[in-house]
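Here the structure is laid out as structure tokens; the discussion comes afterwards.
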Amino acid sequence: SITELYGLARAGEKVIRPESVLDGPIGPLRRWGWSRADLTEIKKVKNALGGTVNDVILAAIAGGLRTFLAARGEEVDGRTVRTMVPVSMRTPEGHGRLGNEVSAVFADLPVGISNPAERLAAVSRQLSRLKSSGMAMGVDGMLSAADLVPGALFALGARVAARLPQRAISTVTTNVPGPQVPMYLLGHRMTELFPYIPLGAQIRITIGIASYAGSLTCGVTGDFDAVPDLQVLCDGIDSATAELVALVS
């Protein structure tokens, strides 16, 4: 596989401080929850407010983390949470080639911004700078990659996270497109697709994002002992998504 690590911020530009609940020892047990969104509504937000599908999803996750951390009594104003986002680097000319081409993008989620539109704009500015460097292709481009194997990208993302220096990131958000048409098995329609991302490297929460047949789902994994309130995060992502959709409805 070809795995390259890039940062949105230059090395040494800021010190990454540990996030009290997001970083630390993990046990053998897990909690898992989910959040749902309509892909058509997410695209309406993108078209009206700017950015990409990827930006809107990450802005909603930033809003969910804001709710989650505030409920823990942690300070959120002016705060960011660094996440690692594995993205496909395969170009249209590379479709059909064997091997995986994956980049790990470091994004600082602006959990300190309370306004949902401003939060989305902050995410979009970051990833726009990344794209202007010609580095990465986000979810929008990945949706058209017919030969992309979702499971492989999920696994590669987990391996990249495990090799990163401790405290370099506080969470992982893996975006993988699934089939955009309904799938069937033995005559039965698959109704939903939920991703699961493992934990590792003292990262207590990971978030997988998958699209399928017009819907988006986030699968949220948490350490059982350290994150008994995982549902607060899932509900927070739902609420942050609804806030963005309400702006363009």
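The values are calculated or read from the model by the stated rules, or taken from the named source; none is laboratory data. Not measured: the values here are computed from a predicted model. Every residue, glycine among them, receives a Cβ derived from its backbone with ideal geometry; neighbour counts consider all protein chains shown. Protein only, heavy atoms only, side chains kept; ligands, DNA and RNA dropped before computing areas. Shrake-Rupley method; radii C 1.70, N 1.55, O 1.52, S 1.80 Å.
Just a few scattered comments:
- Qualifying residue in region 129-148 (condition: of a type in the set (A, V, I, L, M, F, W, C), open to solvent by 10 Å² or more (accessible area, probe 1.4 Å), within 26 Å of Arg66 (Cα to Cα) and modelled with pLDDT of 50 or more): yes
- Residues that are small (Gly, Ala, Ser) and modelled with pLDDT of 95 or more were ranked within region 211-241; the one that is farthest from the chain's Cα centre (by Cα) is Ala226.
- Looking across region 233-248, the residues that are touching a residue at least 40 places away in the same chain (Cβ under 8 Å) and either of a type in the set (Gly, Ala, Ser) or open to solvent by 50 Å² or more (accessible area, probe 1.4 Å) (or both) come down to Asp235, Gly236, Asp238, Ser239, Ala240, Glu243, Leu247.
- Restricting Val105, Val21, Val87 to those that are of a type in the set (Val, Ile, Thr), within 16 Å of Ile205 (Cα to Cα), at pLDDT below 90 and open to solvent by less than 30 Å² (accessible area, probe 1.4 Å) reduces the list to Val21.
- The residue pairs whose first member lies in region 166-178 and is closer than 18 Å to Glu192 by Cα, whose second member is at pLDDT 75 or above and among the aromatic types (Phe, Trp, Tyr), and whose beta carbons are closer than 6 Å, counting only pairs six or more residues apart or on different chains, are Gly178/Tyr212.
- Residue in region 109-123 that is among the hydroxyl-bearing types (Ser, Thr, Tyr), at pLDDT 90 or above and touching a Cys at 6+ places or on another chain (Cβ under 6 Å) present: no
- Single match in Gly73, Gly51, Gly78, Gly99 (criterion: at pLDDT below 95, under 17 Å from Ile209 (Cβ atoms), not in a helix (DSSP H, G or I) and not hydroxyl-bearing (Ser, Thr, Tyr)): Gly51
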